[in-house]
Amino acid sequence: MTSKQRVHAALERKPVDRVPIFMWYHPDTTVRLAKLLEVPCGRVADVMGDDVRQMWVNNNYDLAGRDLKDGEHYTDIWGIEWVREDSFNQIVRSPLTDLTPEEAMKYEFPMEKVGELMERMLPLLPSGDRYFIGCDVSPCVFEMYWRLRGMEQGMMDLAMEPEMAAELLARSGAFSKHLAEVACKRFPIDWVWTGDDVGGQEAMMMSPDMWREMVKPHLAEVFAVANRNDLWVAYHSDGAIHDIIPDLIEIGLDVLNPLQGNCPGMDPLDLKKEFGDRLAFMGGVDTQGVLPHGTAAEVRAATERLINGMTTHGGGFILAASHSVPPETTDENIFAMYEVAGISRQEIFDRAAAVRAERK
């Protein structure tokens, strides 16, 4: 099967030759694997056998896609200032934090840059016949809002300035919706990737009722774009979001990510039992416990349990990490995980050799 066929079949609960994989690595882990395999960092996903090719067209590009040097500052087209710290881009200034509600309401999203944002998808298109192609329009609503307003001020706004918060949440959702509409019109993609981190380690950042009132309607509009175009809808939120999973299903969600099993209500196998007839899942590999700190045998056992449990009743699962694979994870543990998923160490090194041959 090609990667595209494999992912579609898994999501349709049809037989696959192996479980699909979409693994995210800490930047330092990527550098280490690239050195081990003697390939460029940009080819690690190819060599490791990932089945999904995806690009950010919204603000998450500046979070995870923009390559800055350590200590380098950058201000994006939304007016958000970032700095590179500990291999990640971190927000150091939100443009609306110190503004009055009246001033903040004058903010305009960078609609004139949509064409430029869409150009990021172009390098993926030649591989669309082989790989499952995703367009990431996140952050969609709440997370985009707090990046503009600042987390502390944004949370205060929900209680103290609900009218302003409601308006800016709506505008955030409308911008993400527009990106999805343009992407669906321009590109032969397979899913629209959405997301907002609304879950904390123990509970949601806001009450489920507040989320339903202030976020859900706008997220539903983004989902609807993909639904109208007969595309899969994937949604990412870290943390404990069990309370809103039925709502996400109601508004058209197909794939939930990343399944942080150490958060209340988010054990992947329990989620499969509760929602597996209505929802597919991506994630579940424990990047805080067994993968970085267990033995290779423990990683094999945990990965086998996860895959077997999540693929009951015909599939509906993409193997992925619950967070980026941390740099303390040993090579042996990474290869053990892939081996259980159906990709041997030899296959990985053979692909690496093929990539090196291409470059000669």
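In the set GLU108, GLU119, GLU152, only one residue is outside the structural domain of ILE318 (by TED's automatic domain parsing) and within 30 Å of MET48 (Cβ to Cβ); that residue is GLU119.
Checking each residue of segment 187-196 against the condition of being surrounded by fewer than 16 Cβ atoms within 10 Å (Cβ to Cβ) and closer than 29 Å to LEU124 by Cβ gives at least one match. Restricting ARG66, ARG32, ARG93 to those that are within 20 Å of the chain's Cα centre (by Cα) and either surrounded by fewer than 20 Cβ atoms within 10 Å (Cβ to Cβ) or not assigned by TED's automatic domain parsing to the domain that holds LEU291 (or both) reduces the list to ARG66. Within segment 301-358, being over 25 Å from LEU269 (Cα atoms), without any contact (Cβ under 8 Å) to a residue 60 or more places away in the chain and among the basic types (Lys, Arg) holds for one residue alone: ARG345. Per the listing ALA240, ALA302, ALA297, the residue uniquely assigned to a loop (DSSP other than H, G, I, E, B) and surrounded by fewer than 23 Cβ atoms within 10 Å (Cβ to Cβ) is ALA240.
A quick yes/no check of all residues on (1) under 30 Å from MET214 (Cβ atoms); (2) in the same structural domain as GLN346 (by TED's automatic domain parsing); (3) out of contact with any strand residue (DSSP E or B) (no Cβ under 7 Å at 6 or more places or on another chain); (4) aliphatic (A, V, I, L, M):
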| position | (1), (2), (3), (4) |
| --- | --- |
| ALA45 | no, yes, yes, yes |
| ASN60 | yes, no, no, no |
| ASP129 | no, no, yes, no |
| PRO139 | yes, no, no, no |
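For LYS14, the conditions (1) in a loop (DSSP other than H, G, I, E, B); (2) in the same structural domain as GLU347 (by TED's automatic domain parsing); (3) crowded, with 21+ Cβ neighbours inside 10 Å are fulfilled apart from (3). Of the set (1) surrounded by fewer than 23 Cβ atoms within 10 Å (Cβ to Cβ); (2) over 27 Å from ASP277 (Cβ atoms), all apply to ALA224 but (2).
If the condition is being more than 23 Å from ARG13 (Cβ to Cβ) and either of a type in the set (S, T, N, Q) or out of contact with any helix residue (DSSP H, G or I) (no Cβ under 6 Å at 6 or more places or on another chain) (or both), then segment 323-347 contributes HIS323, SER324, THR329, THR330, ASP331, ASN333, ILE334, TYR338, GLU339, SER344, GLN346, GLU347. Residues that are surrounded by 16 or more Cβ atoms within 10 Å (Cβ to Cβ) and in a helix (DSSP H, G or I) within segment 102-113 comprise just one, ALA104. For ALA234, the conditions (1) assigned to a helix (DSSP H, G or I); (2) in contact with a Phe, Trp or Tyr (Cβ under 7 Å, 6 or more places away or on another chain); (3) assigned by TED's automatic domain parsing to the domain that holds MET144 are fulfilled apart from (1). Among residues of segment 269-282 that are in a loop (DSSP other than H, G, I, E, B), those with a beta-carbon under 8 Å from a residue that is modelled with pLDDT under 95 and surrounded by 13 or more Cβ atoms within 10 Å (Cβ to Cβ) at least six positions away or on a different chain give the pairs GLY276/THR312.
Per-residue answers, yes or no, for (1) assigned to a loop (DSSP other than H, G, I, E, B); (2) without any contact (Cβ under 8 Å) to a residue 12 or more places away in the chain; (3) touching a helix residue (DSSP H, G or I) at 6+ places or on another chain (Cβ under 8 Å):
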{"position": "THR30", "(1), (2), (3)": "no, no, yes"}
{"position": "LEU33", "(1), (2), (3)": "no, no, yes"}
{"position": "GLY42", "(1), (2), (3)": "no, yes, no"}
{"position": "ASN58", "(1), (2), (3)": "yes, no, yes"}
{"position": "LYS69", "(1), (2), (3)": "yes, no, no"}
{"position": "ILE77", "(1), (2), (3)": "yes, no, yes"}
{"position": "VAL83", "(1), (2), (3)": "no, no, no"}
{"position": "LEU96", "(1), (2), (3)": "yes, no, yes"}
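Looking at this structure, is VAL44 out of contact with any Cys (no Cβ under 7 Å at 6 or more places or on another chain), under 19 Å from TYR131 (Cβ atoms) and at pLDDT 95 or above? Yes; evaluated as a whole, the condition is true for this residue.
The values are calculated or read from the model by the stated rules, or taken from the named source; none is laboratory data. Please read these numbers as outputs of a predicted model, since none were measured by experiment. Positions of Cβ are generated from backbone atoms using ideal geometry, with glycine treated the same way; all protein chains shown enter the neighbour counts.
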